[in-house]
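Every read-out reported here was derived from the displayed coordinates using simple, explicitly stated rules and does not represent laboratory data. Note that this is a predicted model, so its numbers are computed, not measured. We place every Cβ from the backbone using ideal geometry, glycine too, and count neighbours over all the protein chains shown.
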Amino acid sequence: MRRSPAFELFRYAVIVLAIAITLVPIAWMASMAFKPIAEWQATGNNLTWWPKNPTLDNFRFIFGESSTELIVALERTAAKPILASLLASVFGTLIAMAAGSAAAYGLSRFKAGGNLPLALIQLRLFPPMAVMIPVMIMWAFLKLNDTWWGLALVYGIVTLPFAFWLMKTFFDEMPREIEEAALVEGCSRFRVFLKVTLPMMAAPLASSALFVFILNWSDYLIALLLTTREWVTIPVYMASLSSSMTGQLYGAKAALGLIAAVPPIIAGIAIQKHLVRGLTFGALKQ
Amino acid sequence: MTTQNRISRRQLLATGSKGALVAAAVGIAPQFIRPGRAFAQDALAAGMIGGPAGFDGAERYQYGPDTPEGRAIEALRSLKGAGKAPERIVLGLSDGSIGQLTQPFPAGAPSIKELFEQETGITLDIVGVPNGQEFTKTMQDISTNGGQFDIYAVEWNRLGDLAETGGIIKMDDFVAAHRPEWDDPERGYVNGAQGVSLLNQYRGSTYGVSLDGDFQTWNYRTDLFGAAAEQKAFADKYGYELKPPRTWKELDEISSFFFRPDQGLFGSTDLRNQGWGYTNWYQRYTSMASPNQFLFADDGKPLINSEQGLAATEEYIKSLAYKSPDAISWSWPEQYGNFGSGGAAMTCAFSNLPKFLDNPGNSGSMVSGKVGSMLPPGREIGGDLVRRTVLWLNLSASISSQSKHPEAAYLLLQWLGSSRIYSWMTANPGGYFDPFQLANFSDPLVRQTYHDYHMDVVRESVARTVPSINYPGATAFHNALDENLVASLTGAKSAAQAMADTESEWLKIAGRVGEEKLLEAIKTNKAAWPTVVDRLS
Amino acid sequence: MSGVTEAPGAAEAGDDARASRKLGLYLTLPAQLLVLFIAVFPLLMQLYISLTGWSPLTGMGWWNAWSLWNSFQNYVELAVDNRWWSALLRTLLVMVVCVPAEFLLGLGLATLFMDNFYGKRAFYSILLMPMMVVPAVAGYMFFMLFQSGGPVNDLLSTLSGQNIAIAWLSNPSLAMVAVMVADIWQWTPLMFLILLAGLVGVQEDQLKAATLLGANWRQRFVTIMLPRMKTIIIIALAIRTIENFKIFDTLYIMTGGGPGVATETISVYIYKLITNDLNWGYVAAIALVILLTLSVALGIAISRMGKASTEVTK
């Protein structure tokens, strides 16, 4: 389809505006991460948009090095929270993917599972805030409070619906003939699954897993209520970045925010093509 | 991760922060940085059984066998000898305060944690809790039987609430056995037994050990108040001399005078946000009568929906005029940050503000050497001047009912919360625990970090401090007041409506708590209100 | 009669079917167990304590809550709880502003991306970035942006030539605006992504035919594209409505529900009840009411959606 030059101009104008709005908050955070304390906040009317004296102090600071300007040293560095976020998200993803794709395969091939799909939709529909009290009590009883594995278990359950629906779409789309042919040749069901189905599903599995990882990595609420100290995650830890010497440690928060933004953005770009299926619970036929 | 690892990580951190600490120490106490340690005391003074050594003046913090600290250490050692002591005591502590226990101060000294571990052989495991989440995390541990802590450190106001849950233990037997001498007239709490009852007790039993002194105090900028041009301009405009305000009216006028947002300067930045602002309302309200305008009558009837309540609320709203336009969303980090960057003429904050901001070691602060302290503004009533400030937050340590070693936990608290160790700890610039005992106010090292000019004002402010609500339902009472006050600040409610709504919510809460409990607690609380009234002239 | 249809080789097929059923059961078992694990105890426990005045402040374990039995008092209180109703209204307000705004902006952008043009791929990737930023981090970002001396006011000042110092987060209605702006910023990309996928899915030849028949751009859009995208639009709106209903992270970090209760949504209200008031019996009642309402709504939605529903529940 050919478009008129006027349309092209209009299109680029709108897109440039949209890109600008998209990038301003992210750019502000990125710029803040490299600003020395004197440039964090406007005094009077001199807001600093771009660091005048760029520094890595904010990054050094959150990893425990004291900077000359923020004379407080952190009692807890960002290293452990980053580890906590990684462990809980990765293992949460594994739980969701293992249970989710098994169930999806079972439903797609054997029509097993009863009302599982509906239950999973309900699980996603319901605000997690409203079940946190019993979950806190259960987790304390099971000694799972303030552990990354406890967090990973909740994450696995909360993102199970996505893992399930995504994988179900992929299994539904996969031609059965190949599996059936292998079955006829006398392979066992399990062997077929291992040798035929799984290799074919490698790419969908990877992209679904990355998608679920992004969701887990994004959590704030659950970690806020289920962790205390040892395994607080990045967003929870971020709240503690303030001091009586300097007030809010905006630079340190921005530096950590930037670090936290990187994994999902990379993962997101990597799975761009499959993203849309995850977000539609796999209901979109492509 | 094993404990071993955790400790070494902390030690690593402490080492990493030494540069900063030295910088801070240089600014605060130059005489402690001397070549070598030739002048420092490396050993305990004669007759002492424990305490820090290795710096000048260390003997002030050492103790003999017949002191609260000495008795605590010896009792712990004998528990240890009998095999009844735990390997470790887990102390939950808000993040911002941990430094005072883990960072050595002054140069040459051990840290408090090191000293305790060395003297008792018991590991002190300090678990940080995010600032502001102390009560939440404690309640979570209690209600879910989490058992993560031996000791909780929670705002003092919540002692009644916590005691009612049964999640913390009564310390009466331990107090009787080990005699902490908190009411010592020379070194102990202000107001002796009365002060102990206010800070540590609920319904006549000891449930907490105070580890803090959050008496809200006022600061101003000496450079602004001292500038000849400002003085002249002020006198010309208002007809009296520019000096720290004695009344709320003067405070409002001086604040308006200094309100210059285009130059990044606000009048007074005492807080107005949710969660903190109402402490400043308290000050205006309680000074409405001489000697005090109470919150509740003796029969439990709320007194806030009155002429006095209305007037205090209206003043409180009007004062927004000379604050940052963001005042309603500013919390203390914004307040401290702004004051440190020279953005305010006056403010009301925790007593540690000069420790952190009038501090040459804090190179981010532009107000070092330019901070002064003043008594809270007050009100003229029948020729008297009623100045009132408020005790609020103030971390207290309590022992978890789930602790398997309550006696050892208590002994740690007796050691930590007694005047020798506490003076040494509060002088440390690494955290938020502030002076509150008589011995703290006169201690040279404390006076060094908190400054002489400030310490005397703090002591006098303490004498004019009203306790905030500390009876069961405290959280709910304060939330109701707080939310209505913020609604009045944003214009969502009129001042009169805010007071009326608070009153009706308070009545509801009182019904839930139970009258008998409440009346007794109100009476105890009232007994601790100050009687000091200044002469106007 | 199903038995008849399986007649040929019945024994073998039956064995196979049984084996398949068994395998299917095993495969779905972990997911079933996880769902039961998170559903059964919490549901029963909340049902129990919702009928009592239990709070951890009472000092007794939740299992002893029966001694504080108050029948349906929590539910009655909820019915007249102004704060709950206004939190619900606010939640719905955020929803009816944000979801349509995200939808329209996303749809508008998507129509611009239907054919190829220079830089399309790069633009596409950049436009998707906001939805990958951790919501809590986005909260801190927007908190900084909306300070009165912050970049938003700075931009507005530059554009208007006047000195603008709006206290966004201190003003009840502006705080609401700020919170909504953050939500729209973060989630318009999602609408864009889904709707673009839907638009591209519409058959090219149908469009061409319509063009040949003389239909203009608008006619083609309204008569061919929109109807064909019905399912996709419903899905996009449903996802955002569901997620928006739970709004917490960004909002809580930006305003804490304040100033006052000006931006308090139901999640924030429940969070405060859990952590400050500790009125847990009451929270349980709220939770069950939400669960019941949502389940009924879901049931109605599914039966209404007819064809789409059979696909979803299959």
Local charge sum around B:Phe296 (other residues, Cβ-Cβ under 15 Å, Lys/Arg +1, Asp/Glu -1)? -2
Looks like segment B:47-119, by Cα gyration tensor root eigenvalues a ≥ b ≥ c and the a/c under 1.5 rounded cutoff (else prolate when a/b is bigger than b/c, oblate otherwise), is oblate
Which lysines, if any, have their Cα less than 16 Å from the Cα of C:Lys22, not counting same-chain residues under 8 positions apart? A:Lys111
Treating every alpha carbon of segment A:132-285 as one equal point scatterer without solvent, the Debye formula yields log10 I(q)/I(0) values at q = 0.11, 0.12, 0.19, 0.20 Å⁻¹ of -0.62, -0.70, -1.14, -1.19
How long, wide and thick is the protein assembly as shown, going by the Cα atoms along their three principal axes, in whole angstroms, largest first? 103, 75, 64
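So which DSSP H runs in chain C come out at 30 Å plus along the axis (Cα) with average Kyte-Doolittle of at least -1.0?
C:10-49, C:82-112, C:172-201, C:280-304
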Which pairs in the list B:Lys170/B:Lys517; A:Lys168/A:Lys273; A:Lys143/B:Lys80 are over 19 Å apart, alpha-carbon to alpha-carbon? A:Lys143/B:Lys80
Of the residues B:Ser461, B:Tyr316, B:Gln62, the Cα lying farthest along the dipole of chain B towards its positive end, which is defined by charges on the beta carbon of Lys, Arg, Asp and Glu, belongs to B:Gln62
What lysines sit close enough to C:Lys230 to cross-link, taking a C-alpha to C-alpha distance under 17 Å and skipping anything fewer than 8 places away on the same chain? A:Lys285, C:Lys307
Size descriptor, Kirkwood hydrodynamic radius, that averages inverse alpha-carbon separations across segment C:110-238, Å: 17.7 Å
Among rounded, prolate and oblate, which fits chain B when a ≥ b ≥ c are the square roots of the eigenvalues of its C-alpha gyration tensor, a/c under 1.5 means rounded, and a/b larger than b/c means prolate? oblate
Where does chain B land at 222 nm, in deg cm²/dmol rounded to the nearest 500, when only DSSP H runs of n ≥ 4 count, each adding -39500 (n - 2.57), divided by all residues? -13000 deg cm²/dmol
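When only Cα pairs under 8 Å and 6 or more residues apart are kept, what is the percent relative contact order across segment C:109-226?
That works out to 31 percent.
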Could you work out, residue by residue across A:103-116, how many beta carbons of other chains sit within 10 Å of that residue's beta carbon, and then give the average as an integer? 6
Flagged as over-length at 31 Å C-alpha distance, from B:Lys137/B:Lys318; A:Lys80/B:Lys323; A:Lys80/C:Lys246, the pairs are B:Lys137/B:Lys318; A:Lys80/B:Lys323
Alpha-carbon Rg with Dmax, taken over segment B:415-511, Å: 19.3, 50
Label-point gap, in nm, between A:Glu8 and C:Thr158 - each point 7 angstrom along Cα→Cβ: 2.9 nm
Please find, in a Gaussian network model of chain C (springs between Cα atoms separated by less than 10 Å), the residue of C:Asn64, C:Asn163, C:Asn153 whose mean-square fluctuation is greatest. C:Asn163
Sequence-separation-based contact order of chain B, relative, with Cα cut under 8 Å and 6+ spacing, percent: 22 percent
Lys/Arg Cβ at +1, Asp/Glu Cβ at -1, dipole of chain A taken about the Cα centre: which of A:Ser101, A:Met132, A:Ile214 is farthest positive-ward? A:Ser101
Residue-averaged beta-carbon neighbours from other chains (10 angstrom radius) around B:452-459: 0
Charges only on Cβ, +1 for Lys and Arg, -1 for Asp and Glu: so what's the dipole of segment B:352-495 about the Cα centre, in debye to the nearest 20? 60 debye
Gyration tensor on Cα atoms of chain A, a ≥ b ≥ c root eigenvalues, a/c under 1.5 rounded, else prolate if a/b beats b/c, else oblate, says oblate
Straight-line reach from A:Lys52: which lysines have Cα under 27 Å away, leaving out those fewer than 8 places along the same chain? A:Lys35, A:Lys253
In percent, how large is the relative contact order of segment B:474-515, given Cα pairs closer than 8 Å and 6 or more residues apart? 42 percent
Sum -39500 (n - 2.57) across every DSSP H segment of at least 4 residues in chain A, then divide by the residue count to get the 222 nm mean residue ellipticity, nearest 500. -20500 deg cm²/dmol
Would you please put A:150-159, B:199-208, C:22-31 in order of how densely packed they are, using the mean number of other Cβ atoms within 10 angstrom per residue and starting with the highest? A:150-159, B:199-208, C:22-31
Note on chain A: helices (DSSP H) long enough, at least 18 Å by alpha carbon along their axis, and hydrophobic enough, mean Kyte-Doolittle at least -1.0, are A:5-33, A:79-110, A:160-173, A:198-217, A:250-270
Summing +1 for each Lys or Arg and -1 for each Asp or Glu, what net charge is found among the other residues whose Cβ lies under 12 Å from the Cβ of B:Gln414? -1
Residue-normalised 222 nm signal for chain C, counting each DSSP H run of n ≥ 4 as -39,500 (n - 2.57), nearest 500 deg cm²/dmol, is -22500 deg cm²/dmol
Please work out the FRET efficiency for the pair C:Asp81 and B:Arg260, using the Cβ-Cβ distance as r and a Förster radius of 35 Å; give the result to the nearest 0.05. 0.20
Indicate, rounded to the nearest 5 percent, the antiparallel portion of the DSSP beta bridges found entirely in the protein assembly as shown. 70 percent
Residue (of B:Leu198, B:Ser423, A:Ser31) at the positive-pole extreme of the protein assembly as shown, dipole from beta-carbon charges: A:Ser31
Could you give the longest part of chain B that holds none of the GluC sites (Glu not before Pro) found in DSSP loops with at most 11 neighbouring Cβ atoms within 10 Å? B:242-537
Summed over the other residues with a beta carbon less than 13 angstrom from that of A:Ala103, with K and R at +1 and D and E at -1, the charge totals +3
